[in-house]
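Accompanying notes for the structure given below.
Just so it is clear, none of the values below were taken in a lab; they were calculated from the coordinates. What you are looking at is a predicted structure, and each value in this text was computed from that prediction instead of being measured. Backbone-built Cβ (ideal geometry, glycine too); neighbour counts: all protein chains shown.
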Amino acid sequence: MIRLTIKTEQVDHIDTTLTLPLHQRIRSRLRVVLDNGLEAGLFLNRGTTLKDGDLLCTEEGYSVQIRAANESLSQVTSHDPHLLARACYHLGNRHVSIQIEPTCISYPHDHVLDKMLRGLGFTVTHADAPFEPEPGAYGGSAAQAHSHGHQHAHHH
């Protein structure tokens, strides 16, 4: 099995790609099938979050470029920064991982959240697209912050 152990900034060439959804890109230990069909294992430093375009390699120099897989997302769009800030506030208040772009906020599709935002006057659409959420405030991934938030809430 190919052992991907190094996250690097540049390689001489890319041998293949690896397409993963977010829930797999936040795992540091994972058995995968590369896009060329070969089996591999991720053995990365704990807390490593992989983003679209990141490069991994083996000790021997075999290199793999990460691709963010399409995921089912809900999207709120607006050219009004104040409206988008309101949507961010309400989603953040519910510990939802969000991807923020200049005129669009995306989050994992959730019909309850969609209904809430529509009730606040937003138009919510759906898309299958790569998901790259904001990292957590303390340097972790948004998905890890989301998980931590729920664990913390149970202690009250």
- Ranked by Cβ crowding within 10 angstrom, fewest neighbours first, how are VAL96, VAL76, VAL11 ordered? VAL11, VAL96, VAL76
- Could you work out how far helix 142-153 tilts from the main Cα principal axis of the chain, as a 0 to 90 degree angle to the nearest 10? 60
- Item | Residues listed by number, segment 62-83, amide nitrogen under 11 Å from ILE6 label point at 7 Å toward C-beta | 62-63
- Give me PHE131, PHE43 ranked fewest to most by other Cβ atoms within 10 Å of their Cβ, as a rough exposure proxy. PHE43, PHE131
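Given the rule -39500 (n - 2.57) for each run of at least 4 DSSP H residues, summed and divided by the residues of the chain, what is its mean residue ellipticity at 222 nm, to the nearest 500 deg cm²/dmol?
My calculation for the chain gives -7000 deg cm²/dmol from helical runs alone.
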- Task: Using only Cα atoms, find the angle between the long axis of helix 81-92 and the longest principal axis of the chain, and express it within 0 to 90 degrees, rounded to the nearest 10.
- Result: 70
- Pick from ILE100, ILE26, ILE14: which residue has the top mean-square fluctuation in a GNM of the chain where Cα pairs under 10 Å get a spring? ILE14
- Can you put TYR62, TYR107, TYR89 in order, fewest other beta carbons within 10 Å first? TYR89, TYR62, TYR107
- Share antiparallel - DSSP beta bridges, segment 2-68, percent rounded to 5: 60
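Can you tell me the FRET efficiency between LEU120 and HIS95 if r is taken as the Cβ-Cβ distance and R0 is 22 Å, rounded to the nearest 0.05?
So the FRET efficiency works out to roughly 0.80.
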